[in-house]
Every structure is written in structure tokens, then in C-alpha cells.
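Student: One structure, pasted below without further comment.
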Amino acid sequence: MEKIYVVKNLECAHCGGKIEEAINSLDNVEKAVLNFPSRKLKVTGNINSDTEKSMQDICDRIENGVIIAPDGKQNHHEHKHESGGIISLLTGALLFVSALILNRLTDVEYISAIVYLVSYIVLGYKIIISALKNVFRGNFFDENFLMTIATIGAICLGDYSEAVGVVLFFNIGSLFEHYAVERSRKEISSAVNLRVEKSDVLRNGEFISMDTDKIETGDIIRIKTGERISVDGIIKSGETFLDTSAINGEPVPLEAKAGDKVISGYINIKSAIEIQATATAENSMLSKIAEAIETASDSKPKIDRFITRFSKIYTPVVITLALITAIIPSIITGNWSYWIYTALTFLVISCPCALVLSVPLAYFSGIGKASKYGILFKSGNSLEMLNKIESVTFDKTGTVTKGIFTVTECRTCGEISEKELLSLCGSCESLSSHPVAVSIVKYCNENNIPLTEIKNAEEIAGMGLKAGDILCGNEKLMDKYNISIDINPENSGSVVYVAYNGKLCGYILVSDSIKDNSAQAVKSFKAMGIKTFMLTGDKSQNAEIIAEKTGIENVYSELLPDEKLEKVQEIRRNYGNVMFIGDGINDAPVLAGADVGGAMQNGSDLALESADVIFMKSDLLSAVRAKKIADKTAVIAKQNIIFAIVVKLAVLILGLLGIANMWFAVFADSGTAMICVLNSIRILFSKKI
């Protein structure tokens, strides 16, 4: 059983990691993943009311005020909590400034000290209360407790302004982080919120408004001008233009007419149309997109898991260092106030929130940026791995080429006519979804060639079809059944040989064309230093022509599905991590076996299921853009790690040398976190990708 919960009022990323770890240790829980940027908790296992109570108890123990609620339920106290926090912050800041002014204008120190203390209570009372609760629960490594000890210690030493300043900027940092994360979440969730609640559905001869969730396959739906298409379907009547930008990032409207397939999420921008549903709302592309975005960052990248392990070591080490600094140098020098003050600065920077928050937020933002271009990563792991690929392999048909075939030649062996040959082949191929088969059937329908119903047909992967005594496929299929071939086409294209009762009847030549931007995409990959390969089941002659025109460096042709997988494994051994891009049923094993599998949106359901990333715009430039986003995300994550660690270490060293005070420390904590958060979300607003 898998359940998803919303985690309310969770402000500490480090605490989120502790909550996730503790929930994972529960007996009934198989796996728990807490996604801090989205505040979603996904729990797998035998979940019951007792388990949910234990999860809430864990939250109460680790961070006060955190509430776990089933996904979909809203907490109406959140906005009050946020507005109350702003009022407290402004009041405390005003009192702090007043205390600073009083300290300058009067020699009576206790007056400014009282104002400082009032300011401290206004700004820090929630921190202090949380710290006290955590102490009673045995949680001494909580940031609230450490901040309380550090600031109260500073007050005891007479450093009122620094104590209040630390709390002030800690609150500013927390509020800033909250709004930055919320902003990124809203940007990312824009694609999730495209679902259409109501649709006009034909019932008993008239259109009525009903819940989109109740639409069934085959229903007729009216889409008015300006409305969003609610489910996948085929246009039954009307002509229009569709805005597809929300789904694939393509700004140019798409012309659509009767017979064309349409995807949920497109917006009708010209005139009303009627479509016939080919999927329910749950199974339509819009729901798949929403699900992909919502769950993409559940599986954590390796770098995120490293930060989680690092944070478990970092905080205890810094606290231990603080204790040593407070005691040993004080005993040696006798200067207790100086070294205790230095130790208190260490406590301020002992929380690793800058790291724990910024790294997953960087990947969360990268996934969101990709979704705006119609690139759907299924996990953070996929995004991280794409950054590491050193070679990319393409399927040919429907990937490098358009996959829109037309019959360009039909030749018989003389025993039957061309019309009979087309009828025989078209009847068999009507059972296949392969682009070549579809083109032959379409050609037959357009030329009024009658097709008969074929039963008990068997599709032989990488070869063709067998229906009783009829064979339709490539040379390998003919060889398998010992059919001799004595005629061959002179032109390039995909050849479908037709045999009946063990004898060759003729062949049909079908030609494909290269996608407009395939050559540009290959050039871009090569400019990144990535090796390019094409793996295809097509004949060597056809494959070489396509490779030459697109600039693909290495070609392996006439491959069966298992041979494609072997080639990908060979490429990995020789060149490193490999990405495979394909769209057919027979590509599923390779998509699953590659380090990163990419599938075109118009590919088979099995290919989409097996892929790690889906391209809603079926061209290879989407794959190039995905690679650039992955590279940018990895750079940002590494920048955050290096910056946060260097700043914290620098302040620790400066503190030991007596140079850094608490103002330095609060920058190393809240300031660093703010900068890292800003750095993480900048990919969302970048226009250079």
C-alpha cells in the first residue's frame, strides 16, 4: 500500500531528513520519502491508523507544529501562521533598531538592554518554546535549541545586540527561504494544475456539463473556443488551431482537423470542435504529466543522499568542537568569556540547512524547468544521471526520422497483381502498430484497396508478421521460413516482403523522411563531446544514408531488440554512461537497460513506461535541452555544496582566530542558506537553456 501525505508547517530541511529517517524505522513502513520542496511524504507499507499516529508523534518530537495530513486536505492555519510571523518580525526589527538608537543616545545601559530583551522575546519566543519542547523530548541537536543556547549565552556575556541580531536574521532567513521555496513550488506546479474539472459530454443527443473524471472511452466531448482539452482523443468534427505550449513548450499553434489525434492539455484557440475520447481522464496524457512532475523528485539523487549522510556527521562534529573550544582554551588562558563566545558562534552555524535544503531544491527546480519545455523526468536520479552520460544512441524510425511512411514502390513476382499484393499485405499489417504497417494500411484505404479480416496473427519482434500461411516482413523473416528472395528494390527505404504458402509474392517499398532538426541535435550533442550512435533494425543501406545526412558517427543496423540491448551494453563498456532514445515496443528493453532511457511522447505505451524521461515534443532537440538542464542543475547543486561548506569552514577558522563574531556566524547559517536557495531556483527563470 502506498499513501501520500502533505507535511504542513515544516520549515527545517534538516529536521525533514530526521523525520524521514525516523518514519523509515517504523515496523509497518517499507519505504518513506519526504520531499522537502514539495512538502509531500510518500509512505509505502502496511499503513494503518496506528502507523499514522506514530508518524505524527515523530513529527511532534522532531519539529514542533508539523502536521501530517492526507494529500488534498488543506490546513487553514497556515496563512495565519505566515502573517503572524511577518508581524512578529517587523515588530521585533523595529524594537531592535530602537534599542540600537537608545544605546547611542543614552548612557543608561539598562534602558537599551530592556528594549533588546523585549525585541529578543518578540523575535525568538517561538524558537525558545520549540527548544524547550525538544529538550523534554531528548532532541538536543535541533536548530532551535542550538540557536537558543547561542543567543542566551551571548546575552549572559552582555552582547545584547549580537544576540538579537542573530535571532532577527535567523527569522529573516527562514521567512525568505519559505517564500523562495513556495515560489519555486508554484512555478513547478503550474503544469500540474492544468486538469479540467468539467467537460461538455454528449448524452442522449445533447451536450451536458459533467465531471471530467466520469468521461469514458468513446464519449463525444465538445471543446469550445478558449477551452482546454480535458482527455486524449480524436477530432470527430471541426477544424481549428491548438495551443500546445503548456504540454510541449512549442509556441507555434498546431493546425488540427477531423481524424487528428489530440492530447489533453491543448487549448482550442479558433473554433469549436468535437472529439471522441480515446482515454479516460485518469489515463490521459495530462494526468500522466501531473503524476510525473509530482513524483519526479521522490527518488533522491546520489548527491542528495551524500548530503544527508554528511549532515548526520557535520552537526555533532561542530557541536563537539564548540564544547572543546569553550572548555580547553578557557582553562589554559583563563579567558572564559572570549572562548565561550567563540564556542557560541560555532553553535549558530552547526545546522546544515543550507546544504540539506538547497541540493534537493536545485533538482526540484531542474525538473520543473524541464516540464515547461515538455520534458518529463520520472525521477531526480534520471536528471542526475543525464548529466553523466558520455554517449547517446538513437533508434531510427520515429526518432531520427519522422516515422511517417509512404508507399513509394510495389512490385510483384508476377503471380498476383499489385492490388492483390497490397490487399494481402495491408490485411496482415492492419494488426500491427508499427509505422511501416500503419503507412501500408493507410495507403490501401486511400486507394480503395479492400482489406480482409485476419485472425491468429503473430508479430515476430524485429522481423514482421505471420498469419497462417501469410508472411509480411523483412529479409530475416523470409530467411527464418526459408523463403528465397530473387527481387530487390533499387531505391532506399523499408522493404516489406510478402510470401504466401512458402513462396514469395513480391515486396512493398515504404520510405521515411528525416525530422527537420535531427541533424542540428546530433551536431549539438557532438559539440558537448558526446559520442553519437544509431541502432536500428533497418537495412544497412538505409541506415547509412540517414546517418550520413544527420551526422551520426556510428551505425549498427539490422539489429533485433536483444541485439540492440547488447550494443548499448557494449557502448557503455567502451565509452561510459549511455542514453538511448526510442519510441517503439521493441525499444522497451533498451530503454530500460540504458543508463538513461528517453522516449518520444507519440511512442508506444511500453516505451513510455520503460523510459526515464519523456519528450512531449517529438524531436531530438528536446533531448539536447534535457541534457543542458541536467548539466546546469548539477553545476548549481555542486556550487551550493562548495559555497556552503567553504563559508562555514572559513567562519569556524576565523572564529578560532578571534576574527569572526556572531554576525559572521549568522551569515554562515541563514545568509548562506538564502544565497543557496536563490542559486537553486534561478534555473527556473533562466532563458539561456
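The values are calculated or read from the model by the stated rules, or taken from the named source; none is laboratory data. As the structure is a computational prediction, the values presented were derived from the model and not from experiment. A quick note on method: Cβ atoms are made from the backbone with ideal geometry, for glycine too, and the neighbour counts reach across all protein chains shown. Each accessible area value is taken on the protein alone, full model and side chains, heavy atoms only, with ligands, DNA and RNA left out. Shrake-Rupley method; radii C 1.70, N 1.55, O 1.52, S 1.80 Å.
Student: Within the stretch 478-516, how many residues are part of a strand (DSSP E or B) and either touching a Pro at 6+ places or on another chain (Cβ under 8 Å) or of a type in the set (Gly, Ala, Ser) (or both)? First the steps, then the outcome.
Tutor: Step one: list which residues in the stretch 478-516 are part of a strand (DSSP E or B), which gives 494-500, 503-511, 514.
Among the residues that remain, those that are also either touching a Pro at 6+ places or on another chain (Cβ under 8 Å) or of a type in the set (Gly, Ala, Ser) (or both) are: 494-495, 499, 506-507, 509, 511.
Matching residues across the stretch 478-516 total 7.
Student: Please count how many residues of the stretch 235-246 are open to solvent by 60 Å² or more (accessible area, probe 1.4 Å), in a strand (DSSP E or B) and either in contact with a His (Cβ under 9 Å, 6 or more places away or on another chain) or among the charged types (D, E, K, R) (or both). Don't jump to the end; show me each part of the working.
Tutor: Applying the first criterion (open to solvent by 60 Å² or more (accessible area, probe 1.4 Å)) to the stretch 235-246 yields 236, 239, 241.
Next, from what is left, pick out any that are in a strand (DSSP E or B): 236, 241.
With either in contact with a His (Cβ under 9 Å, 6 or more places away or on another chain) or among the charged types (D, E, K, R) (or both) added as a condition, the list becomes 236.
So the answer is 1.
Student: Counting only residues that are out of contact with any Ser or Thr (no Cβ under 7 Å at 6 or more places or on another chain), over 14 Å from Gly464 (Cβ atoms) and acidic (Asp, Glu), how many does the stretch 417-450 have?
Tutor: 2
Student: Residue pairs, Cβ under 8 Å, 6 or more apart or interchain, first in the stretch 463-482 and farther than 18 Å from Glu558 by Cα, second of a type in the set (Asp, Glu). List them.
Tutor: Qualifying pairs under 8 Å: Lys466/Glu458; Ala467/Glu458.
Student: Taking the stretch 321-373 only, how many residues are surrounded by fewer than 24 Cβ atoms within 10 Å (Cβ to Cβ) and at pLDDT below 85?
Tutor: So the count comes out to 1.
Student: Taking the condition of being open to solvent by 10 Å² or more (accessible area, probe 1.4 Å) and in a strand (DSSP E or B), how many residues in the stretch 613-625 meet it?
Tutor: 1
Student: Considering only the stretch 497-514, how many residues are open to solvent by 20 Å² or more (accessible area, probe 1.4 Å) and in contact with a Lys or Arg (Cβ under 8 Å, 6 or more places away or on another chain)?
Tutor: Looking only at that region, the number is 3.
Student: Would you mind finding the one in Ile645, Ile653 that is surrounded by fewer than 17 Cβ atoms within 10 Å (Cβ to Cβ) and either without any contact (Cβ under 8 Å) to a residue 12 or more places away in the chain or small (Gly, Ala, Ser) (or both)?
Tutor: Numbers: Ile645 fails: either without any contact (Cβ under 8 Å) to a residue 12 or more places away in the chain or small (Gly, Ala, Ser) (or both).
Selected residue: Ile653, the only one of Ile645, Ile653 that is surrounded by fewer than 17 Cβ atoms within 10 Å (Cβ to Cβ) and either without any contact (Cβ under 8 Å) to a residue 12 or more places away in the chain or small (Gly, Ala, Ser) (or both).
Student: From (1) touching a residue at least 60 places away in the same chain (Cβ under 8 Å); (2) over 20 Å from Ala343 (Cβ atoms), pick out the condition that doesn't hold for Ile149.
Tutor: Every listed condition holds for Ile149 apart from (2).
Student: Would you check if there is a residue in the stretch 666-686 being closer than 19 Å to Cys351 by Cβ, open to solvent by 20 Å² or more (accessible area, probe 1.4 Å) and not aliphatic (A, V, I, L, M)? Give the derivation first.
Tutor: Filtering the stretch 666-686 down to residues closer than 19 Å to Cys351 by Cβ leaves 666-680.
From what is left, the residues that are open to solvent by 20 Å² or more (accessible area, probe 1.4 Å) are 667, 674-675, 678-679.
Then drop every residue that is not not aliphatic (A, V, I, L, M), which leaves 667, 679.
Within the stretch 666-686 (the criterion being closer than 19 Å to Cys351 by Cβ, open to solvent by 20 Å² or more (accessible area, probe 1.4 Å) and not aliphatic (A, V, I, L, M)), the answer is yes, since at least one residue qualifies.
Student: I'm trying to understand the selection: among the residues of the stretch 405-416, which are out of contact with any Ser or Thr (no Cβ under 8 Å at 6 or more places or on another chain) and either open to solvent by less than 50 Å² (accessible area, probe 1.4 Å) or outside any loop (DSSP other than H, G, I, E, B) (or both)?
Tutor: The first filter runs over the stretch 405-416 and keeps only residues out of contact with any Ser or Thr (no Cβ under 8 Å at 6 or more places or on another chain), leaving 409-416.
Result: Glu409, Cys410, Arg411, Thr412, Ile416.
Student: Then there is this: Here's a check for you: in the stretch 23-61, which residue that is under 23 Å from His178 (Cα atoms), open to solvent by 20 Å² or more (accessible area, probe 1.4 Å) and in a helix (DSSP H, G or I) is modelled with the lowest pLDDT?
Tutor: Arg61
Student: Continuing with this model, one more query. Name the residue, out of Ser371, Ser358, Ser330, that is in contact with a Phe, Trp or Tyr (Cβ under 6 Å, 6 or more places away or on another chain) and either in a helix (DSSP H, G or I) or among the aromatic types (Phe, Trp, Tyr) (or both). Before you say what the answer is, go through the steps one by one.
Tutor: Numbers: Ser371 fails: in contact with a Phe, Trp or Tyr (Cβ under 6 Å, 6 or more places away or on another chain); Ser358 fails: in contact with a Phe, Trp or Tyr (Cβ under 6 Å, 6 or more places away or on another chain).
After applying the criteria, what remains is Ser330.
Student: Look through Gly426, Gly462 and report the one residue that is open to solvent by less than 50 Å² (accessible area, probe 1.4 Å) and in a helix (DSSP H, G or I). Steps first, please.
Tutor: Working: Gly462 fails: in a helix (DSSP H, G or I).
Result of the check over Gly426, Gly462: Gly426.
Student: Among the strands (runs of 3 or more DSSP E) contained in the stretch 526-612, which hold 1 or more residues that are open to solvent by 20 Å² or more (accessible area, probe 1.4 Å) and not basic (Lys, Arg)?
Tutor: 554-556
Student: Oh, and also: Can you name the residue in the stretch 127-142 that is surrounded by 17 or more Cβ atoms within 10 Å (Cβ to Cβ) and out of contact with any Ser or Thr (no Cβ under 8 Å at 6 or more places or on another chain) and is also modelled with the lowest pLDDT among such residues?
Tutor: Among those that are surrounded by 17 or more Cβ atoms within 10 Å (Cβ to Cβ) and out of contact with any Ser or Thr (no Cβ under 8 Å at 6 or more places or on another chain), it is Asn139.
Student: Go through the stretch 656-666 and give me each residue that's over 19 Å from Thr151 (Cβ atoms) and either outside any loop (DSSP other than H, G, I, E, B) or in contact (Cβ under 8 Å) with a residue 40 or more places away in the chain (or both). Working first, answer last.
Tutor: So in the stretch 656-666, the residues over 19 Å from Thr151 (Cβ atoms) come out as 656-659.
Within the stretch 656-666, Leu656, Gly658 qualify.
Student: Could I ask something else about it? Kindly provide the set of residues from the stretch 466-494 that are open to solvent by 20 Å² or more (accessible area, probe 1.4 Å), out of contact with any Phe, Trp or Tyr (no Cβ under 8 Å at 6 or more places or on another chain) and among the aliphatic types (A, V, I, L, M), ordered by number.
Tutor: none
Student: Need the failing condition index for Lys288 against (1) basic (Lys, Arg); (2) in a helix (DSSP H, G or I); (3) at pLDDT 90 or above, just the number.
Tutor: Of (1) basic (Lys, Arg); (2) in a helix (DSSP H, G or I); (3) at pLDDT 90 or above, only one is false for Lys288: (3).
Student: Same structure, new question: Just checking, which of Gly218, Gly259, Gly265 is within 21 Å of the chain's Cα centre (by Cα), in a loop (DSSP other than H, G, I, E, B) and not aromatic (Phe, Trp, Tyr)?
Tutor: On the way: Gly218 fails: within 21 Å of the chain's Cα centre (by Cα); Gly259 fails: within 21 Å of the chain's Cα centre (by Cα).
Only one candidate passes the filter, namely Gly265.
Student: With respect to Ser337, determine if the residue is in contact (Cβ under 8 Å) with a residue 12 or more places away in the chain, of a type in the set (Ser, Thr, Tyr), over 17 Å from Ala660 (Cβ atoms) and part of a helix (DSSP H, G or I). Even if it seems obvious, please write down each step before you answer.
Tutor: Numbers: in contact (Cβ under 8 Å) with a residue 12 or more places away in the chain: yes; of a type in the set (Ser, Thr, Tyr): yes; over 17 Å from Ala660 (Cβ atoms): no; part of a helix (DSSP H, G or I): yes.
It is false that Ser337 is in contact (Cβ under 8 Å) with a residue 12 or more places away in the chain, of a type in the set (Ser, Thr, Tyr), over 17 Å from Ala660 (Cβ atoms) and part of a helix (DSSP H, G or I).
Student: OK, next. Of the conditions (1) touching a Pro at 6+ places or on another chain (Cβ under 8 Å); (2) open to solvent by 10 Å² or more (accessible area, probe 1.4 Å); (3) not basic (Lys, Arg), Ser161 clears all except one; give me its number.
Tutor: Result: Ser161 fails condition (1) only.
Student: Which ones in the stretch 275-290 are more than 24 Å from the chain's Cα centre (by Cα) and open to solvent by 60 Å² or more (accessible area, probe 1.4 Å)?
Tutor: Gln276, Thr278 - these are the residues of the stretch 275-290 that are more than 24 Å from the chain's Cα centre (by Cα) and open to solvent by 60 Å² or more (accessible area, probe 1.4 Å).
For (1) among the charged types (D, E, K, R); (2) in contact with a His (Cβ under 6 Å, 6 or more places away or on another chain); (3) crowded, with 17+ Cβ neighbours inside 10 Å, each residue gets a yes or a no:
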site	(1), (2), (3)
Thr212	no, no, yes
Glu216	yes, no, no
Arg228	yes, no, yes
Asn248	no, no, yes
Glu255	yes, no, no
Ala258	no, no, no
Ser264	no, no, yes
Ile273	no, no, yes
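Student: Follow-up question, since we're still on this one. Tell me yes or no: at least one residue of the stretch 386-404 is open to solvent by 10 Å² or more (accessible area, probe 1.4 Å), aromatic (Phe, Trp, Tyr) and not in a loop (DSSP other than H, G, I, E, B).
Tutor: The answer is no; no qualifying residue exists.
Student: Another one. On the basis of being modelled with pLDDT of 75 or more, in contact with a Ser or Thr (Cβ under 7 Å, 6 or more places away or on another chain) and part of a helix (DSSP H, G or I), does Gly165 make the cut? Break it down stepwise before answering.
Tutor: On the way: modelled with pLDDT of 75 or more: yes; in contact with a Ser or Thr (Cβ under 7 Å, 6 or more places away or on another chain): no; part of a helix (DSSP H, G or I): yes.
Criteria not met by Gly165.
Student: Can you find a residue in the stretch 30-49 that is farther than 21 Å from Phe310 by Cα, touching a Gly at 6+ places or on another chain (Cβ under 6 Å) and not basic (Lys, Arg)?
Tutor: Taking every residue of the stretch 30-49 in turn, at least one turns out to be farther than 21 Å from Phe310 by Cα, touching a Gly at 6+ places or on another chain (Cβ under 6 Å) and not basic (Lys, Arg).
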